[in-house]
Amino acid sequence: MPATKKPMRYGHTEGHTDVCFDDSGSCIVTCGSDGDVRIWEDLDDDDPKSINVGEKAYSCALKNGKLVTAASNNTVQVHTFPEGVPDGILTRFTTNANHVVFNGDGAKIAAGSSDFLVKVVDVADCSQQKTFRGHDAPVLSLSFDPKDIFLASASCDGSVKVWQISDQTCAISWPLLQKCNDVINAKSICRLAWQPKGGKLLAVPVEKSVKLYRRETWSNQFDLSDNFISQTLNIVTWSPCGQYLAAGSINGLIIVWNVETKDCMERVKHEKGYAICGLSWHPTCGQIAYTDAEGNLGVLENVCDPSGKMSSSKVSSRVEKDYNDLFDGEDTSSAGDFLNDNAVETRSFSKRIINDEEDDDDLMLASGRPRQRSHILEDDENSVDVTMIKTGSGFLKEEEEDDQAGSIHNLPVVTSQRPFYDGPMPTPRQKPFQSGSTPLHLTHRFMVWNSIGIIRCYNDEQDNAIDVEFHDTSIHHATHLANTLNYTVADLSHEAVLLACESTDELASKLHCLHFSSWDSSKEWIVDMPQNENIEAICLGQGWAAAATSTLLLRLFTIGGVQKEVFSLPGPVVSVAGHGEQLVIVYHRGTGFDGDQCLGVQLLELGKKKKQILHGDPLPLSRKSYLVWLGFSAEGTPFYVDSEGIVRMLNRGLGHTWTPVCNTREHCKGKSDHYWVVGIHENPQQLRCIPCKGSRFPPTLPRPAVAVLPFKLPYCQTATEKGQMEEQYWRSVMFHNHLDYLAKNGYEYEESTKNQAIKEQQELLMKMLALSCKLEREFRCVELADLMTQNAVNLAIKYASRSRRLILAQRLSELAVEKAAESAATQAEEEEEEEEDFKKKLNAGYSNTPTEWSQPRLRNQVEEDSEDTGEADDIEEKPEIHKHGENPFFKSANSSDMPAIKSVTSSNQGRINPFKVSGNSKEPSISVNSVRSSNILDNMNKSSKKSTALNRATNYEKSPVIKPLVPKPKSKQASAASFFRKRTSQADRTEEVKEENPKNPSSETPAMCPQNTENQRPKTGFQMWLEENRCNILSDNPDFSDEADIIKEGMVRFRVLSTEERKAWAAKAKGGTASDGAEKKRKRVVDDSHETENQKEKTKENLNLPKKQKPLDLSTNQKLSAFAFNQE
């Protein structure tokens, strides 16, 4: 007869359960965590005799009519069997005993306790005791040598010891197990066993194999293993004949080996995957009783014949018919429950073994006996080649070969037990889940807990109901709903409650929406799904609802119940989440291997312009983890959390990549503690979650308290000052990317938030630059300055100069010039877009063609319009820090065309500086030179008032630069003169700007030289000095042929002058007339570099610019002279 498995039955309450047979094998005895010992006549006994031995019973042993139990009252006690009359206490411990066993003749018992002691006690005379000391942790299990010479014990200290009973000495100790501090934390209870009769071998379950040690030599003879064992083995037991060895694993696998041939004879899978913690072989026949860690009892029959003979053939593995069988199952008990119908969560998902429930008798053993298919553990990955299986293992595949079975010779099996397939094993797919919900099997559970409120579900004898509670009761009052349709998933938003239920035989799957924010009287609607289509995940957004179904469809609805778009998902859904117009979907992209999930993510925007942001990109997860939470921050950035506690956010500033921003495991005190995420905020930076002690999710009662965890990016060396500031800077950048997103999509937000973020980021960069300066890392300083705004670069130059780092100051000056030039192109693009938008919005009658507003105008503008472009002048003076919106109202009333680079054009006045404010303007005047004193970031506050009004009228295009309202026009010469004049006190400078504003309204002539129209400036004091002294320089240096060389030499000589002399020349330059303008232009023809009186002067005028584009080309001479003339 083949081995058969009867359905398991309830034996005791959940918890560790032990089992044994009586001497004759006529009844099964079990004990469990309910404190009862039950005597079963057979598995179908519905009225077993019950003996209470305490609050909990940890172990039982039965021999010669004596029932010995280890109970929670720290005693080992005896009862008569089968009467169950108490017969005294054999011994006591200071804590509970974990295992108790009889010796061969039943005269002694051995007990191991959590107080690290092992005792051997005479049953007839309990005063005859021997104590074995040597373990350093609780004792897990014991086994008597059949000859009563040795006693083997396993302990939480990781050791397996063999004791000499006579003198209580340790004969041998092996460090085989994982160390732990208590039995409940032990990976395996390591129930070891001696071979019956002679005790020749000691079997010890270690990890995924059974180690067999030879008596007295204590050498490891061999190991028994099987490639189907995916989890640690918990317990072993021998057949009475000593020929076979059975082992049970912590994921419910029972395997039987022939010890002589080392062949695997049986593989049986627990129907629910629970850990096998009790295993006992019938004393006379081939029957095995087993119990699991949930209190259930099961029996395997016909494991071997009464004579002890068993087929020597190994269990076969046939070709898997349906690959999807590997991923069967409806269990939703937790996010990690991936096995069959009622599987429980296990730590590792690799190499799962799934029962195949079909075709019960189409598989044959070589002996010709039909094998019940439900006992064969099959793995798709072993189904490589049918012919290989036939020839390599000698198994018959079809029933019609039954008559030949006896004559077929079994081919020799390779002793190494090489599997047919030894590659990566598929990971069972994660089941769909709702973020913020607890497992479905709980009678009281959270259906959802998010930033809006909480939905609880109660499903017990008294009530089947749903409670909806809002964090802010001004949204809606708490609601109590009857759950007659058995809703299983829910979501909650400011507008509605969304519920869904699975289909039954009579009813279709339903989507039920309670639209409490509706202004009419009809507050709810229900939609039935088509036949055989189940809703698996739902979410709510602003004005819409979504439901993902089992037919790989995603259905969109309006919040009022109108069906909208329907589209197909690329794979089975895992979870969905909504926020505003955004919908994020995570689904199975394929099959993962070795415990990894293979997930994909789609991110869609469902506004007026519907678009897909993420097109099914792979979702990064930690190794061997699965998704546990998916959602958005309160500001609308997608986040998700995996089972390893890693929180990741979408980094919109880096091409929509995912960046880990927190590891909740770092905040857990114990290994089994977790944080259950309920909400995320970016400003302030908060991860709101519930601490769960020893669990992955919280109970509904008592009401859990929410904790707030900080974010921390996984940067290196965060213990150092450098690493800490780098982490803070990039975290600040990442957590303020949402402001750019909001601006781009036309949402309102606090401008002060952006200002504060930029201020914070620039301060961190300046601190890092100062630190690098101290460490003499000047190249690193330039790299840091590249991240700065122009305003901060100015301060960096000042710092470098004061630190006597002139090479660094020169490099930073060049960088500032690049930033100035690049910003011109950037600004031009932004203005171009804004002008187009403005034209469309206001129908202003602009006649410009698209080409006139396009990028090529950057290069040709000056020649076409005969106007001085002078990008650097205008850009440098731009108070750029405010990036929210750009004022589109800069077209002058009398202007018919506008160069792409400029904001304001007056056709009869030439180019003017739009960033200077006239003296009679109501807005405060900001001098470009005012940056030099006080904090570089002060300008943020000065210009923020101006930008507030503008923000509301703009389209928030790409966080453009805020510009002041149009001031009274001011001549190009006056603005440039103020730029190049000598530094004076801040008050004087401000006054000078006010005075200069009305000067020379039209000082520039249209005559220009094409090659340097972009570089024209009014004369500086240095230029006037240079013209007068040019002859002297050339006479002293007749070999100077290049203008750059003359300028360099001039700079050297000019710097030697006293401060008073330089001021005098600067004053002369300020007092120049309109006729000087032509001279300055002529001077610019030969001077390719933008000159200034020194390197510091130039950079102080540059205000910050946000975006970096390809810098304008610099000639070799320009680069060489950049230190002195660096306005390019």
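The values are calculated or read from the model by the stated rules, or taken from the named source; none is laboratory data. In this text, all values refer to a predicted model and were calculated from it rather than measured experimentally. A quick note on method: Cβ atoms are made from the backbone with ideal geometry, for glycine too, and the neighbour counts reach across all protein chains shown. For accessibility, only protein heavy atoms count, side chains too; no ligands or nucleic acids. Shrake-Rupley method; radii C 1.70, N 1.55, O 1.52, S 1.80 Å.
How about region 654-750: which GluC sites (Glu not before Pro) there lie in a loop by DSSP and see at most 15 other Cβ atoms within 10 Å?
Loop-located and lightly packed - Glu748, Glu750.
Tell me, what are the semi-axes, in whole angstrom and largest first, of the equivalent ellipsoid of region 30-133 as set by the roots of 5 times the Cα gyration tensor eigenvalues? Don't skip to the answer; put the middle values down first.
Numbers: eigenvalues 106, 46, 23 Å².
The equivalent ellipsoid of region 30-133 has semi-axes of 23, 15, 11 Å.
Taking amide hydrogens as modeled 1.01 Å from N in the peptide plane, which residues meet the under 5 Å criterion relative to Leu599, leaving out close sequence neighbours?
Here the answer is Arg589, Leu619, since their amide H atoms fall under 5 Å of that of Leu599.
Can you work out ³J(HN,Hα) from phi for every residue in region 485-492, in order, using Karplus 6.51 cos²θ - 1.76 cosθ + 1.60 and θ = phi - 60°, giving whole Hz and x for Gly and Pro?
8, 6, 5, 10, 10, 8, 9, 9
Would you work out what percent of the accessible area of region 476-576, with all protein chains in place, is carbon or sulfur (probe 1.4 Å)?
Of all accessible area on region 476-576, carbon and sulfur atoms account for 52 percent.
Using alpha carbons only, what's the Rg to Rh ratio of region 213-285 with Rh from Kirkwood?
Taking Rh as the inverse mean 1/r over Cα pairs, Rg/Rh reads 0.98.
List the pair-distance distribution P(r) of region 122-209, using every Cα-Cα distance, as the percent of pairs falling in each 10 Å bin from 0 up to the bin containing the longest distance, rounded to whole percents.
Calculated over all Cα pairs of region 122-209, the distribution is 17, 47, 30, 5, 0 percent.
What Rg and what Dmax come out for region 437-594 when only alpha-carbon atoms are used, in angstroms?
15.5, 54
For a 26 Å ceiling on Cα separation, which of these pairs sit above it: Lys510/Lys744; Lys5/Lys56; Lys6/Lys49?
Distance filter (> 26 Å) returns Lys510/Lys744; Lys5/Lys56.
Within the set of other residues whose C-beta is less than 13 Å from the C-beta of Cys156, count the net charge using Lys and Arg as +1 and Asp and Glu as -1. Write down the numbers at each step before the final one.
Details: positive: Lys161, Lys179, Lys187; negative: Asp115, Asp136, Asp157, Asp182.
Local net charge: -1.
Could you work out the local net charge near Gly295, counting Lys and Arg as +1, Asp and Glu as -1, over the other residues with Cβ closer than 13 Å to its Cβ?
Net charge in that neighbourhood comes out at -2.
Hey, could you get me the Stokes-Einstein D for region 448-497, Kirkwood radius over alpha-carbon pairs, 20 °C and 1.002 mPa s, rounded to whole µm² s⁻¹? Intermediate values should be presented prior to the final figure.
Numbers: Rh = 11.3 Å.
Diffusion coefficient, whole number: 190 µm²/s.
Which of the pairs Lys187/Lys208; Lys564/Lys608; Lys431/Lys611; Lys108/Lys179 have their Cα atoms more than 19 Å apart in this structure?
Working: Lys187/Lys208 12 Å; Lys564/Lys608 13 Å; Lys431/Lys611 28 Å; Lys108/Lys179 29 Å.
Beyond 19 Å: Lys431/Lys611; Lys108/Lys179.
Convert 25 °C to kelvin, take the viscosity as 0.890 mPa s, use the Kirkwood radius over C-alpha pairs of region 614-738 as Rh, and evaluate the Stokes-Einstein diffusion coefficient in µm²/s, rounded to a whole number.
Roughly 160 µm²/s, to the nearest whole number.
Could you state the per residue volume, in Å³, of the convex hull enclosing the Cα atoms of region 664-777?
135 Å³
For q values of 0.11, 0.17, 0.20 Å⁻¹, compute log₁₀ I(q)/I(0) with the Debye formula on a Cα-only model of region 464-530, without solvent.
Evaluating at q = 0.11, 0.17, 0.20 Å⁻¹ gives log10 I(q)/I(0) of -0.28, -0.63, -0.84.
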